[in-house]
Structure formats: structure tokens, C-alpha cells
Amino acid sequence: MHFSLMNDNLDVALAVGADGLHIGQEDLSVVPPVNWWPLDMIIGCSVFNAGQAKQAVADEADYVAVGAIFPTPSKDTVVLDLEPVAEG
């Protein structure tokens, strides 16, 4: 099974009929006003610690993405230690 997910841009996700939207910590909230997106749209959330992961789950995100786990030259990120996330 394949899904099309749009990163951070709800307008484009809706325009192209994407199956879902991936939201970062500085983007839209996982819990939007009811009319913002279809109820069957997959919503994912980036998290960087256990508290954010717990909040995303409480907000009913369909999945959480933990990272960055490995350094990358394509993005300025801080590489996380997974132990605190695993403990949460």
C-alpha cells in the first residue's frame, strides 16, 4: 500500500488530493479546527523528545517521526539521543 504525504503545506495537500500531511513542531497544530482537512487524512508529526511524542499521540496524530537520528548535509538539525525518547 502506498500513501502520498505532503510536508508542512495543507493547501497543497488538499489541492493535489494527498492522503496525508506531515506537520513539524513549528507548523500547524495536529489538532485543527474541524473544517481544515478531511477526517480521513493521515496526519503525522515530527517530534524531538518524549514530551512532544506524548502530546502528538494525545492529539491523535496517526504517526510520529522522531529525528534527526543521523546527521545529514541537506538539513541543519541536531542529532538526537534516542534513549530519552524510548523512556517516554
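The values are calculated or read from the model by the stated rules, or taken from the named source; none is laboratory data. The model shown is predicted, which means the values in this text are computed figures rather than measured ones. Methodologically, a virtual Cβ is constructed for each residue, glycine included, from the backbone with ideal geometry; neighbour enumeration extends over all protein chains shown. With ligands, DNA and RNA removed, areas are computed over all heavy atoms of the protein, side chains included. Shrake-Rupley method; radii C 1.70, N 1.55, O 1.52, S 1.80 Å.
Summary table
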read-out: Hits in the range 37-65 (condition: closer than 19 Å to F3 by Cβ and hydrophobic (A, V, I, L, M, F, W, C)); value: W37, L39, M41, I42, I43, C45, A56, A61, V64, A65
read-out: Tabulated pairs, the range 10-27, first within 26 Å of A50 (Cα to Cα), second open to solvent by 20 Å² or more (accessible area, probe 1.4 Å) and among the charged types (D, E, K, R), C-beta under 8 angstrom, 6+ apart or interchain; value: G20/D62; L21/D8; H22/D8; I23/D8; G24/D8; D27/D8
